[in-house]
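Student: I'd like to ask you about the structure that follows.
The values are calculated or read from the model by the stated rules, or taken from the named source; none is laboratory data. Keep in mind that this is a model prediction, so the values were computed, not measured. Reconstructed Cβ throughout: ideal geometry from the backbone, glycine too, with neighbour counts over all protein chains shown. These area figures cover heavy atoms from the full protein model, side chains too; ligands, DNA and RNA do not enter into them. Shrake-Rupley method; radii C 1.70, N 1.55, O 1.52, S 1.80 Å.
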Amino acid sequence: MGTRKKGLEFAKHITEIITKSTGFESHLQKIKILDGGDGACTAELKVDQDHVNLYKFMHGGYIMTLVDMVTTYALMSKPCHPGVSVDLSVNFLNGAKLGDDVVIQANLSKVGKYLAFIDCTLKHKKDDTVIAKGTHLKYIKFD
C-alpha cells in the first residue's frame, strides 16, 4: 500500500487516489498535492465554502481531517502499510478565512516496529503564519 514514488510522481499518485474515491476521501478533492516522498507530503488548499463554519473560518473538524489525511499520505510515501489511527491531536493557533490559501506540510518523525509518528503544520501561504499543528500516531504492524 505504500509507495516509493517521489515528487511529481508521488503527487499524481495521491491525487489519483483522492479523485477516484467515492468514500470519505472525496472531501479532499479540492486540495492540491504539491510534493511528497520519503516520509513527507505537502499540499495546498484554497479555503472554500465547503470548508468553513458559520463565521466563515475554516472548520476545526476539517482541519482535523486535513491533518489525518495528509499525514497518512506522508506515511504512504514509505514502503509500509498506511496504518490505522491510534491518536490524533491538533492545536489550533490561528484562523483561516474563506478564500485564504493554506499550505499543509506533513513529515514522518519516526517509524518503529508497530507505530509511526507523523507531524503536520498548516500555514497561511501568504506569510507562513501557523494555523494549526498536529500529531498523528498510527499503528502499522499488519502481517
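Student: Can I131 be described as farther than 20 Å from I17 by Cα and either surrounded by 21 or more Cβ atoms within 10 Å (Cβ to Cβ) or β-branched (V, I, T) (or both)?
Tutor: Answer is yes for this residue.
Student: What do you reckon, is H81 over 13 Å from the mean Cα position of the chain (by Cα) and within 20 Å of K141 (Cβ to Cβ)? Walk me through how you get there before you give the answer.
Tutor: Numbers: over 13 Å from the mean Cα position of the chain (by Cα): yes; within 20 Å of K141 (Cβ to Cβ): yes.
For H81, the condition - over 13 Å from the mean Cα position of the chain (by Cα) and within 20 Å of K141 (Cβ to Cβ) - is met.
Student: T22 fails exactly one of the following numbered conditions: (1) within 14 Å of the chain's Cα centre (by Cα); (2) more than 17 Å from L108 (Cα to Cα). What is the number of that condition?
Tutor: For T22, the exception is condition (1).
Student: Here is a follow-up. How about the stretch 125-143: which of its residues are of a type in the set (V, I, T) and not in a loop (DSSP other than H, G, I, E, B)?
Tutor: V130, I131, T135
Student: Every residue in the stretch 25-47 that is in contact with a Ser or Thr (Cβ under 7 Å, 6 or more places away or on another chain) and either under 21 Å from S109 (Cα atoms) or among the small types (G, A, S) (or both), please.
Tutor: Hits for the stretch 25-47 are I33, L34, D35, G36, G37, D38, G39, A40, C41.
Student: Give the stretch 1-25 a look and list any residue that's part of a helix (DSSP H, G or I), open to solvent by 30 Å² or more (accessible area, probe 1.4 Å) and at pLDDT 80 or above, or say none.
Tutor: Matches in the stretch 1-25: E9, K12, H13, T15, E16, I17, T19, K20, F24, E25.
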